[in-house]
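Here is the structure we will look at.
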Amino acid sequence: MPACAALIVAAGRGRRFGGDLPKQYRMLGGRPVLRHSLAVLAAHPGIRTIRAVIHPDDRPLYDVAAEGLPLAEPVAGGETRQESVLRGLESLADEAPDHVLIHDGARPFLTLSLIDDLLAALEEHPGAIAALPVADTLKRGAEGLVADTVPRDGLWRAQTPQGFHFDAILSAHRRAAGRALTDDAAVAEAAGMAVALVPGSEENVKITTAEDLARAQRLFEGPGMPRIGSGFDVHRLVPGDGVTLCGVRIAADVSLEGHSDADVGLHALTDALLGAIGAGDIGQHFPPSEERWRGVASERFVRHAGALVAGLGGRVGNVDLTLICQRPRLAPHRRAMAARVAALLEVPAERVSIKATTTEGLGFTGRGEGIAAQASVLLHLPR
Ligand code: MG
């Protein structure tokens, strides 16, 4: 597979938006606009390096948007978008990826499948952009009146990501420096590169105005397609010094036995998330036979499953998780566990319910031999 890097352009000041906060850092569905596409890129297995180009004044805002994601150090942008892209490309020159995807930080509805389509097109063409055919009739206006009708045959609206063979687009951008071109495809065209059109989507909007953000908010909060998932897991209790349940460490005279940190709650939750999107189970994604998962924090598994959900444009409606054990006593920790799970899934805490029950001394949980967990999740996927 060719090595691919992604460049997220987020250095704009958003003058058309108004207010002090640049649009890419406004909140959408509880996270900064920029975080949405960063998280999707981070979830794609075909992308090796992700680098944002930001305004140096925005560093604290960027750090919030990027928290916990595996991203390269951001670089400072220039006066114009074109200059910012050139700086970003120059910053990748040493690494010299085969391909690069360039994406606007203000387009939060990026999906894994659009990335797949662009990467596939780059196997055959030096450039490939997300675009949509123009459906409306186009008029040329003059002084408020229709001057004439412009044939729309063959006209497309360009979106991002726009993908290119790295060496070719870097030299095209170097040569185009100082000329005002409206997108990276225009830079590629000026250099004579063939650029393929890959169908984008109507949802893949760029947030430019406050109305755009309001519309995106409605799109984000709309009902979507409901999908439910359930997960179940058990781990054995052995003498020890405490357990980690739903990401919270609880002191006890027992520990959970397992390959990872044996957080039975987060394992059930991971399986529920994977189940809701039909993506297999935790064992397929993190095989216990692989040494690299030994002792890892199970939060990593939840973040992975959450990223796959986000990559489909999905979001978490709610989580209901039940821990089943005779000991240790869990009631005092329920609130902390709910807060931790909510943080992992990037949803408000009221969407996460953690319950604990005993089995009245019956069965393996009743005898204190192990802890079981079952999780249900409701997701909303785009229609
Ligand atoms: Mg397990």
Fill in: Only one of LEU34, LEU21 that is within 20 Å of LEU219 (Cβ to Cβ) and either of a type in the set (A, V, I, L, M, F, W, C) or open to solvent by less than 20 Å² (accessible area, probe 1.4 Å) (or both)
LEU34
Discussion item. If I go through the stretch 306-324 residue by residue, how many of them are touching a His at 6+ places or on another chain (Cβ under 8 Å) and either at pLDDT 95 or above or surrounded by fewer than 19 Cβ atoms within 10 Å (Cβ to Cβ) (or both)?
Written reply: 1
Response to the item:
Flagged in the stretch 286-304 as buried (at least 23 other Cβ atoms within 10 Å of the Cβ) and either more than 12 Å from VAL341 (Cβ to Cβ) or free of Cβ contacts under 8 Å to residues at least 24 places away in the same chain (or both), in numbering order, are PHE301
Worksheet item: Filter the stretch 325-337 for residues that are out of contact with any Ser or Thr (no Cβ under 7 Å at 6 or more places or on another chain) and without any contact (Cβ under 8 Å) to a residue 60 or more places away in the chain; which is most open to solvent (accessible area, probe 1.4 Å)?
Response: ARG335
Item to complete: Determine which single condition VAL264 fails, assuming it passes every other condition in (1) at pLDDT below 95; (2) within 16 Å of the ligand (Cβ to nearest atom); (3) among the hydrophobic types (A, V, I, L, M, F, W, C).
Response: (1)
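This table checks each residue for (1) modelled with pLDDT of 95 or more; (2) touching a His at 6+ places or on another chain (Cβ under 7 Å); (3) not charged (D, E, K, R).
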{"residue": "GLY12", "(1), (2), (3)": "no, no, yes"}
{"residue": "ARG26", "(1), (2), (3)": "no, no, no"}
{"residue": "SER37", "(1), (2), (3)": "no, yes, yes"}
{"residue": "HIS55", "(1), (2), (3)": "yes, no, yes"}
{"residue": "GLY68", "(1), (2), (3)": "no, no, yes"}
Discussion item. Tally up the residues in the stretch 20-62 that are at positive phi and without any contact (Cβ under 8 Å) to a residue 40 or more places away in the chain, please.
Written reply: 0
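To keep it simple, each residue is scored yes or no on (1) away from the ligand (no atom under 15 Å from the Cβ); (2) closer than 21 Å to ALA339 by Cβ; (3) touching a Ser or Thr at 6+ places or on another chain (Cβ under 9 Å).
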residue: PRO199; (1), (2), (3): yes, no, no
residue: VAL205; (1), (2), (3): yes, no, no
residue: THR208; (1), (2), (3): yes, no, no
residue: PRO239; (1), (2), (3): yes, no, yes
residue: GLY247; (1), (2), (3): no, yes, yes
Worksheet item: Can ARG107 be described as at pLDDT 95 or above, assigned to a loop (DSSP other than H, G, I, E, B) and basic (Lys, Arg)?
Response: yes
Worksheet item: Checking ASP253 against (1) more than 25 Å from the chain's Cα centre (by Cα); (2) within 14 Å of the ligand (Cβ to nearest atom), which test does it fail?
Response: (2)
Worksheet entry | Total residues in the stretch 96-117, condition within 17 Å of ASP167 (Cα to Cα) and surrounded by 14 or more Cβ atoms within 10 Å (Cβ to Cβ) | 6
Worksheet item: Could you list, in sequence order, the residues of the stretch 37-70 that are acidic (Asp, Glu) and in a loop (DSSP other than H, G, I, E, B)?
Response: GLU67
Fill in: Whichever residue in the stretch 271-296 is within 20 Å of the chain's Cα centre (by Cα) and among the hydrophobic types (A, V, I, L, M, F, W, C) and, among such residues, is nearest to the ligand (Cβ to nearest atom)
ILE282
Worksheet, complete the sentence: If we ask which residues in the stretch 338-379 are open to solvent by 40 Å² or more (accessible area, probe 1.4 Å), of a type outside the set (A, V, I, L, M, F, W, C) and in contact (Cβ under 8 Å) with a residue 60 or more places away in the chain, their number turns out to be 6
Worksheet item: Within the bounds of the stretch 146-164, is there any residue that is within 30 Å of the chain's Cα centre (by Cα), at pLDDT below 95 and open to solvent by less than 60 Å² (accessible area, probe 1.4 Å)?
Response: no
Worksheet item: Between a first residue in the stretch 232-250 that is in contact (Cβ under 8 Å) with a residue 12 or more places away in the chain and open to solvent by less than 60 Å² (accessible area, probe 1.4 Å) and a second residue that is among the small types (Gly, Ala, Ser) and part of a loop (DSSP other than H, G, I, E, B), which pairs have beta carbons less than 6 Å apart while being 6 or more apart in sequence or on different chains?
Response: HIS235/GLY258; HIS235/ALA262; GLY242/ALA252; VAL243/ALA252
Item to complete: Please list, ordered by first then second residue, the pairs with beta carbon atoms under 8 Å, 6 or more apart or interchain, first in the stretch 261-282 and open to solvent by 30 Å² or more (accessible area, probe 1.4 Å), second of a type in the set (S, T, N, Q) and away from the ligand (no atom under 14 Å from the Cβ).
Response: ASP271/SER230; GLY275/SER230
Item to complete: Among what's in the stretch 181-200 and is small (Gly, Ala, Ser) and touching a helix residue (DSSP H, G or I) at 6+ places or on another chain (Cβ under 7 Å), pick the residue that is most open to solvent (accessible area, probe 1.4 Å).
Response: ALA190
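The values are calculated or read from the model by the stated rules, or taken from the named source; none is laboratory data. The structure displayed is predicted, hence computed values, not measured ones. Neighbour counts are summed over all protein chains in view; Cβ atoms, including those assigned to glycine, are modelled from backbone coordinates with ideal geometry. Protein only, heavy atoms only, side chains kept; ligands, DNA and RNA dropped before computing areas. Shrake-Rupley method; radii C 1.70, N 1.55, O 1.52, S 1.80 Å.
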